[in-house]
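*Asks:* Below you will find the structure I want to go over with you.
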Amino acid sequence: MADPELSAKVEKIRFVEDGEHTVIDMKRRLVWLKKDTWQLTGNWLNWVQARDYAKEMGQQHFGEYSDWRLPTAEEAKSLFSKDFDNKDYMGQRAYLPPIFEPGFGFLCWTSDIRDKIQAVRFGYRKGGVMYDDIYRVSRGATRLVRDIKK
């Protein structure tokens, strides 16, 4: 693992708190919610429910934004680094920047789908991706994101 002090400095440069509910990823020009859908709702969601939840959050103008969405697999993966140390909902180590609230679901639904029935889930414990049925709820969560407009 890298030097924790250096990792903290890099994180502070890349990730900036943007109010009570959001974090800006300066490198990728994205705004992320600090909490995932498990933390916000107290429920596991399948992919369809997660997609619909993103739409609802947009309709509510959560955090003053109306364009919340599921991250792409590449965007979800961009938050993973073994330089980061955080804890998921089971208290296990997960490699997500500590600027994000601990206690999250370690599997993250993404917007990437195939054959209209499977979507990519990214795992913050090991950094792996897997395809899963879009109607499967099992520990389903996602972290909503939006693009920073030019």
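*Asks:* Residue 70: surrounded by 16 or more Cβ atoms within 10 Å (Cβ to Cβ) and farther than 17 Å from residue 46 by Cα, yes or no?
*Replies:* Judged against the criteria, residue 70 is not a match.
*Asks:* Here's another thing I want to ask about it. Within the set of pairs 6+ apart or on separate chains, which have a first residue in region 15-44 that is touching a residue at least 24 places away in the same chain (Cβ under 8 Å), a second that is polar (S, T, N, Q) and assigned to a strand (DSSP E or B), and C-beta atoms under 9 Å apart?
*Replies:* Partner pairs satisfying both residue conditions: 31/22; 32/22; 33/22; 34/22.
*Asks:* Scan (1) surrounded by 14 or more Cβ atoms within 10 Å (Cβ to Cβ); (2) touching a residue at least 12 places away in the same chain (Cβ under 8 Å) for the single condition residue 82 breaks and write down its number.
*Replies:* Condition (1) is where residue 82 drops out.
*Asks:* For region 40-150, which strands (runs of 3 or more DSSP E) that fit wholly inside it have 2 or more residues that are under 21 Å from residue 15 (Cα atoms)?
*Replies:* Filter on region 40-150 gives 107-114, 118-123, 145-147.
*Asks:* Would you confirm whether any residue within region 133-144 is surrounded by fewer than 17 Cβ atoms within 10 Å (Cβ to Cβ) and under 13 Å from residue 71 (Cβ atoms)?
*Replies:* For region 133-144, residues surrounded by fewer than 17 Cβ atoms within 10 Å (Cβ to Cβ) and under 13 Å from residue 71 (Cβ atoms): absent.
*Asks:* What is the one condition in (1) modelled with pLDDT of 95 or more; (2) surrounded by 12 or more Cβ atoms within 10 Å (Cβ to Cβ) that residue 42 does not satisfy?
*Replies:* The failed condition is (2).
The values are calculated or read from the model by the stated rules, or taken from the named source; none is laboratory data. Just so it is clear, the model here is predicted, and its values are computed rather than measured. Positions of Cβ are generated from backbone atoms using ideal geometry, with glycine treated the same way; all protein chains shown enter the neighbour counts.
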